[in-house]
1. Output the residues belonging to region 96-106 that are more than 12 Å from Gln76 (Cα to Cα) and either basic (Lys, Arg) or within 15 Å of the ligand (Cβ to nearest atom) (or both).
2. Do the conditions hold for Thr75, that is, is it over 17 Å from Gly18 (Cβ atoms) and either of a type in the set (Phe, Trp, Tyr) or in contact with a helix residue (DSSP H, G or I) (Cβ under 9 Å, 6 or more places away or on another chain) (or both)?
3. Would you check if there is a residue in region 118-131 being away from the ligand (no atom under 11 Å from the Cβ), of a type in the set (Phe, Trp, Tyr) and within 25 Å of His26 (Cβ to Cβ)?
4. Has region 23-45 got any residue that is closer than 17 Å to Met102 by Cβ and within 10 Å of the ligand (Cβ to nearest atom)?
5. Just to confirm my filter: which strands (runs of 3 or more DSSP E) fall fully inside region 1-103 and include at least 2 residues that are within 30 Å of Tyr130 (Cα to Cα)?
6. Before we move on, is Ala24 surrounded by fewer than 16 Cβ atoms within 10 Å (Cβ to Cβ) and either within 15 Å of the chain's Cα centre (by Cα) or not hydroxyl-bearing (Ser, Thr, Tyr) (or both)?
7. Suppose we keep only residues that are near the ligand (Cβ under 7 Å from one of its atoms) and either of a type in the set (Lys, Arg) or touching a residue at least 40 places away in the same chain (Cβ under 8 Å) (or both) within region 48-67. Which one would you say is surrounded by the fewest Cβ atoms within 10 Å (Cβ to Cβ)?
Amino acid sequence: MLDRTTPHIAIAGGGIGGLAVALALHQQGTPVRVYEKAAKLTEVGAGLSVWNNATHVLKALGLLNAAIAKGQVITQLVLKSEDGKVLNRTWVNQYATPALGMHRADLHTLLRQQLSPNRIQLNHTFQRRYEQVGQKVHVSSSRLLP
Ligand SMILES: Cc1cc2nc3c(=O)[nH]c(=O)nc-3n(C[C@H](O)[C@H](O)[C@H](O)COP(=O)(O)OP(=O)(O)OC[C@H]3O[C@@H](n4cnc5c(N)ncnc54)[C@H](O)[C@@H]3O)c2cc1C
């Protein structure tokens, strides 16, 4: 259980990036907490192409199979002219992990479900005020931690 006196890594923003970093650190045993300015983590977004480098990270997080189950494997990118003529074709199926098409909300949910709710502090906006004192960095934020 984290409280405000427990040293931890603070991550500003509970988007895909913030949650992925939080999960990676958490899995390494590092105390971490995500501070998100929104009052609620809503399942917003549209379709994402999750490229092979990103699915490589999902594999390391233990989420690749779950992501594949939620999305569609992409094997090639085809660029066509207005009249349907193929201008360029790029295969993306020769890497160790697949490229996927999936909804941002599904990816966000997958990541979020791996973190206990007390690792995500909602309604908390980080102000951009940092002060370095020796080896410590003081971060001013808009609310006191609970
Ligand atoms: C239309 C569109 C299509 C895209 N398609 C693709 C695609 O196909 N493939 C792909 O890889 N990428 C795509 N992207 C880019 C991808 O969505 C972003 O790179 C990715 O979502 C960025 O993640 P993030 O976590 O850094 O930021 P975000 O998802 O933007 O999350 C940032 C979070 O931080 C919170 N926040 C911001 N400021 C503060 C603060 N001061 N304090 C606390 N919380 C804060 C916000 O509320 C938000 O929840 C697309 C982007 C757009 C707009």
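1. Once the filter is applied, which keeps residues that are more than 12 Å from Gln76 (Cα to Cα) and either basic (Lys, Arg) or within 15 Å of the ligand (Cβ to nearest atom) (or both), region 96-106 yields Thr97, Met102, His103, Arg104, Ala105, Asp106.
2. So Thr75 does not fit the description; no.
3. Looking through region 118-131, at least one residue is away from the ligand (no atom under 11 Å from the Cβ), of a type in the set (Phe, Trp, Tyr) and within 25 Å of His26 (Cβ to Cβ).
4. Looking for residues that are closer than 17 Å to Met102 by Cβ and within 10 Å of the ligand (Cβ to nearest atom), one finds at least one in region 23-45, hence yes.
5. 9-12, 32-35
6. Considered against the rule, which asks whether it is surrounded by fewer than 16 Cβ atoms within 10 Å (Cβ to Cβ) and either within 15 Å of the chain's Cα centre (by Cα) or not hydroxyl-bearing (Ser, Thr, Tyr) (or both), Ala24 comes out as yes.
7. Kept after step one, since they are near the ligand (Cβ under 7 Å from one of its atoms), are these residues of region 48-67: 48-51, 54.
From what's left, either of a type in the set (Lys, Arg) or touching a residue at least 40 places away in the same chain (Cβ under 8 Å) (or both): 48-51.
On the way: Leu48: 18, Ser49: 13, Val50: 22, Trp51: 16.
Applying the filter and picking the extreme gives Ser49.
Values in this text are rule-based calculations from the coordinates and carry no lab data. Note that the structure is predicted; figures quoted are calculated from it, not measured. All Cβ positions, glycine included, derive from the backbone under ideal geometry; neighbour counts span all protein chains shown.
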